[in-house]
Amino acid sequence: MKRYALVLSSALSSALLLFATSAFADVTLSMPSNSELVLVNGVDASGKDTLSLKNGVNQVAFRYLARYQQQGSQTQFQSDIIVIKFDENDAQLALSMPRVRSNSAADKFNQSPQVTLEDQNNAAVAFELGMLIKQGLQLGRDYEAEMAAYNLTDQKASLNIQSATTNVTAAPVAVATASTSANTATNTTAKPEANNQVNVGQMLDFWYQQADEETRKAFKKRIENQ
């Protein structure tokens, strides 16, 4: 009987350990109360709950929200969209930002957002930070489309979708040309420029699709006059 109880206890302990390991197998990200989610890995998101993310590279876009007294009146602040990208595994992360209590502090934050990312041991976690900014009217923005275009660039916190593909295909060429002639090296260095033109074409096509009919006509007329 004692032997059966020992085996049962060991089995339960193993099951609990397996459950605990699987429960924290991925990455969790706790968002602060002064934030508003916009996108998670390029997909629309909302709320302020803790995020459950897959291990590896993740990209989160959010705003800073604040309310403060300025010269006797209540002021509401909503920052430009902040984008962060990090690469973590099996971690419990927490994001934090300083309090904004004045117009000058709000302007300063918008120009240079102060964001802190820490793990469960209160150790700083490395991340990239960028901004998803659109000039002019902000109503009716398609954040998913904007982020898809952003991720084709080499801006900070971009997923570098086009660049990543270019790096994978170009690496063997760089090795092969290490001991070849100068002419071959010249041809190799010209490829990134061609790929940049592909990026430009994709961006032009994206903004053309976003434009209204009048803007499209003006765009076509400008091209014809070149």
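The values are calculated or read from the model by the stated rules, or taken from the named source; none is laboratory data. These numbers come from a predicted model, not from an experiment. Here the Cβ positions follow ideal geometry from the backbone for every residue, glycine too, while neighbour counts run over all protein chains shown. Protein only, heavy atoms only, side chains kept; ligands, DNA and RNA dropped before computing areas. Shrake-Rupley method; radii C 1.70, N 1.55, O 1.52, S 1.80 Å.
Key figures
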{"read-out": "Segment K48-E128, length gained on full extension (0.36 nm per residue, minus Cα span)", "value": "26.7 nm"}
{"read-out": "Listed peptides 50-57, 80-87 by packing density, highest first (mean Cβ within 10 Å)", "value": "80-87, 50-57"}
{"read-out": "Accessible area of segment 30-154 divided out per residue, in Å², using a probe of 1.4 angstrom", "value": "55"}
{"read-out": "Cross-link pairs beyond the 29 Å C-alpha cut-off, checked among K54/K108; K108/K134; K134/K220", "value": "K54/K108"}
{"read-out": "Neighbourhood net charge (13 Å Cβ-Cβ; Lys/Arg +1, Asp/Glu -1) for M147", "value": "-1"}
{"read-out": "Simple label model, 7 Å out from Cα along Cβ direction - S104 to Y68, nm", "value": "1.1"}
{"read-out": "Tail beyond 17 Å, pair distance distribution of segment 44-93 (Cα, percent)", "value": "52"}
{"read-out": "As computed over segment 66-128, the Cα convex hull volume per residue (Å³)", "value": "91"}
{"read-out": "Gained length - Q78 relative to T28, 0.36 nm times residue gap less alpha-carbon distance", "value": "15.5 nm"}
{"read-out": "Surrounding net charge for L117, when Lys and Arg each add one and Asp and Glu each subtract one, Cβ distance under 12 Å", "value": "-4"}
